[in-house]
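Trainee: Take a look at the following structure, please.
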2 protein chains.
Amino acid sequence: MDLNRLLRPKKIAIVGATEKETMAGFASRMFIEQCGKRREDLYLVSLKNETVFGIPCYHTLSELPGTIDLAVLCTPKQTVAGLLEEAAQKGAKGAVVFASGYGETGKEEDKKLEEELIAQCRRLDLALMGPNCAGFLNFVDRVFAFGFLFHARESAGRVGLVSQSGQVCMALMESEKTSFSYVISAGNCKIVNIEDYLEFLVDDEDTRVVAAYVEGIQNPEKFAAVLKKAAEKKKPVVVLKAGRSEKGSRAAASHTGNLSGSDKNVDAFFRKFGVIRVDDLEELLSVCTAIATLPVLPRSNKLAFVNISGGETTISADAGYLHGLKLPDFSPETAEKLREVLPAFATAQNPMDLTGGSNGDTFERVADIVLEDPGIEMLITSLQITKKISDITIYDFLNGLIRHCEKEQKKPVAVVPLIESSREEEVLERLRAVGVPILPPPHYGYRVIKKLLDYTDYLETMENRTLSIVTKTEVCGKEPVKTALSEHESKLLFQKFGIPCPPEEIAETEEEAVQAAAVIGYPVVLKIESGDILHKSEAGGVIVGIACEEEVRTAYRKILENGRKYNPQALIHGVLVQKMLEPGLEAIVGVTCDPQLGPMILTGLGGIFTEVFQDAALYPAPLNQWEAREMILSLKGSKLFRGYRGKPPLDTEALARVLVQVSNLAAEYKDTLVEMDINPVFVYPEKEGVSAADGLVVLRGKP
Amino acid sequence: MDLNRLLRPKKIAIVGATEKETMAGFASRMFIEQCGKRREDLYLVSLKNETVFGIPCYHTLSELPGTIDLAVLCTPKQTVAGLLEEAAQKGAKGAVVFASGYGETGKEEDKKLEEELIAQCRRLDLALMGPNCAGFLNFVDRVFAFGFLFHARESAGRVGLVSQSGQVCMALMESEKTSFSYVISAGNCKIVNIEDYLEFLVDDEDTRVVAAYVEGIQNPEKFAAVLKKAAEKKKPVVVLKAGRSEKGSRAAASHTGNLSGSDKNVDAFFRKFGVIRVDDLEELLSVCTAIATLPVLPRSNKLAFVNISGGETTISADAGYLHGLKLPDFSPETAEKLREVLPAFATAQNPMDLTGGSNGDTFERVADIVLEDPGIEMLITSLQITKKISDITIYDFLNGLIRHCEKEQKKPVAVVPLIESSREEEVLERLRAVGVPILPPPHYGYRVIKKLLDYTDYLETMENRTLSIVTKTEVCGKEPVKTALSEHESKLLFQKFGIPCPPEEIAETEEEAVQAAAVIGYPVVLKIESGDILHKSEAGGVIVGIACEEEVRTAYRKILENGRKYNPQALIHGVLVQKMLEPGLEAIVGVTCDPQLGPMILTGLGGIFTEVFQDAALYPAPLNQWEAREMILSLKGSKLFRGYRGKPPLDTEALARVLVQVSNLAAEYKDTLVEMDINPVFVYPEKEGVSAADGLVVLRGKP
């Protein structure tokens, strides 16, 4: 959907204009005050008022002398349908609806009203923002259609923001650190979707970084496509996504009626596409400020910390460590050059304390030298820039830093003071002018730096990834009928996709069991074969280490007896005779299907490691060998794959292949697969492969 | 040491007074400007100047007309020794020395100078602050002896700060959110120790919360005693301790010459005494601000979040979850009462969105109702209070909140806005007046709330703990000669302290081995017995599952042969014949000795769990059964003790007993124990105990 007609209109009508302190009044006032020179393009429409803030009003949209592009409806919901018809007749292709009381209330009548609104907009070909929104601010063309008061901003910035909460837009605009290209309060966004806004901002040349507060993903395929485009354009997308917690999901549902989805799946989805996910507004703001201000992003985790006191040097080094920042030693050449410019007390080491004997000149020269070191990619200083700076020596250091940055600056510099986030405005402005952001203290500032490093890492490896997701062809709203395949049926399916399984056969009689064992070769395992008995061990349906014919016979009888006792109704197909596998590292591979994001592939070490230590890797299908390997390496337990305690390294490649095969299976069965598990899959030493010891596939539909 | 003579002097001489922009100049100026009315008690001493800032100077200390209590030396280090003699003659019992270039440089000559300074102060009975310090500010009596410029502060606050960095003092004073009772820049603190300052602040009635930036612990026993006193007085001690990282430790060492010690041990030490440990300055400041402002601390993790918009409600709920904050549902009675005051759109649930239809009155009544709920202990709101508030409706809500707080307030309230940390000063002041702190955004604000909750939890259980540590009677500076006991020797020591071990005997001949096995009962394990072969399995020195005499004989011969091959020089005492234990959950128990903090007791699950997943609990000796139990329960793997996957719960009490026994052993052997390990100790089901399967004790000294 082309959103220029909504977000970049020429002629605008504000309907319901007033001087009152309401959203309608704020919208009228802020437009007039801040976009004054464009008044000839603005029509105010009010049934009651002759003038608003000195501007004559029209009584109805129909009365307007010419056509309009955008109608901003500040009126109650009963009036909306009629006004939209009028607006469309006047040529409007876009509309903003502030009114709430639609689908978000959860009431049937309101949901119905929302559906009617959607249908009406389709019919009229209207790009509608809202309902239940606060409108938007376009700082590029200075078009304001926003229902809150806000501080004047003289110039457009580089952050494009879309939010499903108007208050969040307001909160972010309270900070002076960031300027915006667009601020969009999208509301329920049931006509123009959140994905449409994201696409507009990803395409927009004036927007350097896209910021979003998202309560629910609406069109997953579109979301994925937009994120792919952003990744390819290397335009960072920073998302605060609701639903980390059950309480947060509940609050989001009653706010804009959007379901926030399984949070771990969202995390995995974002990881695939390089989305920078943040956890609160200050973090959203800080990441965007850093990206919008820095001329280049840091290329790798090789930072230099330079400070003016020993205490700050120590504290920032410790805090940096806690946030995963790395401070490599300087090269001998760098250290040598530094010694020439540093005071006698100071040590030429990273992190560096310039000490009391230094000044702004020292700082400038140190910055020059340090950033020439090929082993250093970014400089961070903790200069205490607050709202009222009492230590006047700070200014001298600051000037030194600015002189450094005024030279050709190939590597980024940031200031992360150790306290406060209020800053002297002039200093903020001077540093911004030379491409240096001042970030909040470490729990935000260093976290932000780490996220930038992760993002540039992502860009480095982006082309190795499959930038798509698998979504269902048809979606059935009802809870499906599910069928669990038996172990053997599951394994047949695995084998179809190339997943290594041990030799095994179904035996329907004792004699068949004996023959099968002879063919397969001892030792064997016997397991009950029934789709009705999923917990085979619990049912006494598994006997291992069977070494001879006699044992096969005993085991066969025992298993059938146990099975019948455990579940007299169970349909028992016989007994599965399986080659007893050599023990290996026990891993698990599984698939769950996210209703929005499609099949999610999971792997981890078995049992306790996944359940108690929650050490699992999750990634959306489809995935390739490179992505599968990354999943395995992201496990804490991946140390066990690299040759732990003198054991040989394990066949990571073979396990990765299974992940890819499972992903292929999930993609082919996308419309019917409910879930599946290979638990355990034994992983053997390098080049010795893996083997699926047990497995379970659940499909939708009747057997 | 009584520090009143240093920190609460009546008559003060500033030596080296000047109008220049140096520490001496700043100290002179700030004293005169801000403590003007006390000028009759202040002497300025300057060799060169007749007057400084209009006040006549004396040329030497000897010229002063009367006695002094405190001499503030702003002069170079060469002059210090002579001036201290003069000061002492004039009756001074306290001195501040700004000069640096002592032990912190690491040079031998400077270290020697520091030792002479220490000796001189002892001889003259002088409480000396520094050297290499920036002095102190006593806001209670308004005595300023501080070498930096700072903003005027009208009144004394409730935070007492001691810091080993002057710049850190400065940084903390830049914020307007906190007022101080004392600010002490302690420098190298080699005469008056960091522990002396802490004790002063813990004792001081004007100080509600003690804040400290500590680079190195100097007197561990005193530190422990001061912390015990603080815990008993329920006076919170908030510490930013250097040394989280290797780079931070190095920076601290070159700053004040203090070694920061093993960080995990410091963590464990602090945990025992309820120290609130923070990770950066903003966190230090925020925790102190919260404690100094709140009339009562929150009693348990039962919070209500009340916000004015849906977006903020969702974001704060998610962020609260990430920081471990809990939002219980309101009681049905509370929900019923809330429904009467809430607008129709709003839902009476926690977290609560007051929605657009509400106002300050709504907020007041909601706060009243919510905090009457016996299941809620604190109210947190995210009202966006920034430096320039553009949303004027905020003030109405704010007034509602203040009206609530003006009533009898039994439960705490805090504001945690979602962005910025700059705040409108008048709002800050009005909220502070009713006991409401405004904290930084969630990564700080919620973290702070969680730390307060942990602290009040600690106070609840404090009396269950042993508030002391075990320190060496004599400390030997050199690396000691170490002796490893053999497994059997180690077990004999374990048994002396009541630690359950399997039946075992040393066999020096094959016959003895056979006899021992018969007495102990099959199956048995045979292990090589030699203090020279610590990695017994690696040496082929362990054979398990021996079921009969014949197997004993074969095993005995094989083990001796393997041992001789592995280490021809090894002194082999024979073979240990041990009852083969039933398998149980494998845990480890260990002791390492911190050079400062004494024996540290460690426990965890064996092998991978400790090494790969780093799931271990650490606690300083001595410990009691309650503390030992807490250690075990703090493990992530403690789920395995509670009956995992249908298995019976395990004997946690028995493992806890072993921890106590090991702590007793460590305490008795405090001067000689280097380290010890029980690895593994098998843990059996409840009431079935534990058994030390293998163990190693290393003592100092020759065998």
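The values are calculated or read from the model by the stated rules, or taken from the named source; none is laboratory data. Predicted model, so just to flag it, every value in this text is computed and none were measured. Note that each Cβ is placed from the backbone with ideal geometry, even for glycine, and that neighbours are counted across all protein chains shown. With ligands, DNA and RNA removed, areas are computed over all heavy atoms of the protein, side chains included. Shrake-Rupley method; radii C 1.70, N 1.55, O 1.52, S 1.80 Å.
Trainee: Relative to the first principal axis of the alpha-carbon coordinates of chain B, what is the inclination of helix B:442-461, with its axis defined by its Cα atoms, in degrees from 0 to 90 and to the nearest 10?
Mentor: For B:442-461 against chain B, the angle is about 60 degrees.
Trainee: Can you bin the range A:497-629 into rounded, prolate or oblate? Criterion: square roots of the alpha carbon gyration tensor eigenvalues sorted a ≥ b ≥ c, rounded for a/c under 1.5, prolate for a/b above b/c, oblate for the rest.
Mentor: Values: a/c = 2.29, a/b = 1.82, b/c = 1.26.
Note, shape of the range A:497-629 comes out prolate.
Trainee: Specify whether the C-alpha gyration tensor of the range A:503-579 places it in the rounded, prolate or oblate class, a ≥ b ≥ c being the square roots of the eigenvalues: rounded for a/c under 1.5, otherwise prolate if a/b is larger than b/c and oblate if not.
Mentor: On the way: a/c = 1.89, a/b = 1.79, b/c = 1.05.
Taking the square roots of the gyration eigenvalues as a ≥ b ≥ c, the range A:503-579 is prolate.
Trainee: If you average the alpha carbon positions of the range A:574-614 and of the range B:394-462, how far apart do those two centres end up, in angstrom?
Mentor: So the two Cα centres are separated by 46 Å.
Trainee: Another question, then. If you count the DSSP beta bridges with both ends in the protein assembly as shown, what percent of them are antiparallel, to the nearest 5? Walk me through the intermediate numbers first.
Mentor: Values: 110 of 198 bridges.
Restricted to the protein assembly as shown, the bridges split so that about 55 percent are antiparallel.
Trainee: Additional query: Quick one: label points 7 angstrom along Cα→Cβ at residue B:672, distances to the other copies in nm, smallest first?
Mentor: 7.5
Trainee: Relative to the longest principal axis of chain B, what angle (0 to 90°, nearest 10) does the C-alpha long axis of helix B:510-520 take?
Mentor: For B:510-520 against chain B, the angle is about 70 degrees.
Trainee: Using a probe radius of 1.4 Å on heavy atoms only, what accessible surface per residue do you get for the protein assembly as shown? Whole Å² is fine.
Mentor: Details: 53070 Å² over 1406 residues.
Value for the protein assembly as shown: 38 Å² per residue.
Trainee: List the distances, in nm to one decimal, from the label point of residue A:498 to the label points of the same position in every other copy, shortest first, placing each label point 7 Å from Cα along the Cα-to-Cβ direction.
Mentor: 6.3
Trainee: Quick one: work out the % antiparallel among DSSP beta bridges in chain A, nearest 5. Please list the in-between numbers first.
Mentor: Details: 55 of 99 bridges.
In chain A, approximately 55 percent of DSSP beta bridges are antiparallel ones.
Trainee: What list of ³J(HN,Hα) couplings, whole Hz, do you get for the range A:598-612 from phi and the Karplus terms 6.51, -1.76, 1.60, once you set θ to phi - 60° and write x for glycine and proline?
Mentor: Working through the residues one at a time gives x, x, 10, 8, 10, 9, x, 7, x, x, 3, 5, 7, 6, 8 Hz.
Trainee: Accessible area drop of at least 20 Å² (1.4 Å probe, protein heavy atoms): which residues of the range A:225-258 qualify, relative to the chain alone?
Mentor: A:244, A:245, A:247, A:248, A:250, A:251, A:254, A:255
Trainee: Here is a further query. Interface B/A, total buried accessible area with a 1.4 Å probe, nearest 100 Å²?
Mentor: Numbers: alone 30300 and 30340 Å², together 53070 Å².
About 7600 Å² of accessible surface is lost on pairing.
Trainee: Separate question: Using the 7 Å Cα-to-Cβ label point, sort the distances from residue A:359 to its equivalents in the other copies shortest first and give them in nm to one decimal.
Mentor: Counterpart label points of residue A:359 in the remaining copies fall at 6.0 nm.
Trainee: Using a 1.4 Å probe on the protein heavy atoms, what percent of the accessible area of the range A:402-450 belongs to carbon and sulfur?
Mentor: Roughly 46 percent, rounded to a whole number.
Trainee: Follow-up. Give me the percent of accessible area attributable to carbon and sulfur for the range B:1-133, probe 1.4 angstrom.
Mentor: Heavy-atom surface of the range B:1-133 belonging to carbon and sulfur, 1.4 Å probe: 51 percent.
Trainee: What's the tally of Lys pairs in the range A:1-131 whose alpha-carbon atoms lie under 22 angstrom apart, where the two lysines are 8 or more places apart or on different chains?
Mentor: Close lysine pairs found across the range A:1-131: 15.
Trainee: Semi-axes of the equivalent ellipsoid for the protein assembly as shown, please: Cα gyration tensor eigenvalues, times 5, square-rooted, ordered largest first, whole Å.
Mentor: Working: eigenvalues 602, 544, 151 Å².
Semi-axes from the Cα gyration tensor: 55, 52, 27 Å.
Trainee: Where does the Debye-calculated log10 I(q)/I(0) of chain A sit at q = 0.06, 0.07, 0.08, 0.11 Å⁻¹, using only Cα point scatterers of equal weight, no solvent?
Mentor: -0.49, -0.64, -0.78, -1.13
Trainee: I've got another one for you. For the range B:151-293, with all protein chains present and a 1.4 Å probe, just round the carbon and sulfur fraction of the accessible area to a whole percent.
Mentor: Working: 1640 of 3490 Å².
Accessible surface attributable to carbon and sulfur in the range B:151-293 totals 47 percent.
Trainee: List the residues of the range A:610-626 whose backbone N lies under 14 Å from a point placed 7 Å from the Cα of residue A:670 along the Cα-to-Cβ direction.
Mentor: Under cut-off, by backbone N: A:620-623.
Trainee: Using the Kirkwood radius over Cα pairs, work out the Stokes-Einstein diffusion coefficient for the range B:297-463 at 25 °C and 0.890 mPa s, in µm²/s as a whole number. It would help to have the intermediate numbers written out before the result.
Mentor: Details: Rh = 15.8 Å.
Value of D from the Cα-based Kirkwood radius: 155 µm²/s.
Trainee: So if R0 is 45 Å, what FRET efficiency would residue B:122 and residue B:700 give, r being the distance between their Cβ atoms, rounded to the nearest 0.05? Mind showing how you got there, number by number?
Mentor: Values: r = 32 Å, r/R0 = 0.70.
Here the calculated transfer efficiency is 0.90.
Trainee: Report, in degrees rounded to the nearest 10, the 0 to 90 angle that the Cα long axis of helix B:194-203 makes with the longest principal axis of chain B.
Mentor: Computed tilt is about 70 degrees.
Trainee: Could I ask something else about it? Determine the relative contact order of the range B:1-134: mean sequence separation of Cα pairs under 8 Å and six or more apart, normalised by residue count, in whole percent. List each step's numbers first, then the result.
Mentor: On the way: 239 pairs, mean separation 32.3, N = 134.
Normalised by residue count, the contact order of the range B:1-134 is 24 percent.
Trainee: Continuing with the same structure: Averaging over all projection directions, find the projected area of the Cα convex hull of the range B:1-133 and quote it in nm² with one decimal place.
Mentor: On the way: hull surface 31.2 nm².
With the hull built on Cα positions only, its mean projection is 7.8 nm².
Trainee: Let me ask something else. Distance from a point 7 Å along Cα→Cβ of residue B:19 to each backbone N in the range B:43-61: keep the residues under 11 Å and list them by number.
Mentor: Hits in the range B:43-61 for residue B:19 at 11 Å: B:50-55.
Trainee: Could I ask something else about it? Tell me, what is the FRET efficiency for residue B:547 and residue B:108 to the nearest 0.05, using R0 = 45 angstrom and their Cβ-Cβ distance as r? Walk me through the numbers before you get to the answer.
Mentor: Working: r = 67 Å, r/R0 = 1.48.
E between residue B:547 and residue B:108, to the nearest 0.05, is 0.10.
Trainee: Would you count, across the range A:151-293, every pair of lysines whose alpha carbons are under 14 angstrom apart, provided the pair is eight or more residues apart or spans two chains?
Mentor: Working: A:228/A:272; A:229/A:272; A:241/A:264; A:264/A:272.
The result is 4.
Trainee: Relative contact order for chain B: what is it in percent, counting Cα pairs under 8 Å that are at least 6 residues apart? Let's see the in-between values first.
Mentor: Working: 1493 pairs, mean separation 59.9, N = 703.
Computed over chain B, the figure is 9 percent.
Trainee: Continuing with this model, one more query. What does the helix-only formula give at 222 nm for the protein assembly as shown: each DSSP H stretch with n ≥ 4 adding -39500 (n - 2.57), the total divided by the residues, and the result rounded to the nearest 500 deg cm²/dmol?
Mentor: Numbers: 44 runs with 522 residues, N = 1406.
Mean residue ellipticity, 222 nm, calculated: -11500 deg cm²/dmol.
Trainee: Could you name the residue in chain A with the C-beta closest to the rotation axis that superposes chain A on chain B, along with the separation in whole Å?
Mentor: In residue-and-Å form, the answer is A:422, 1.
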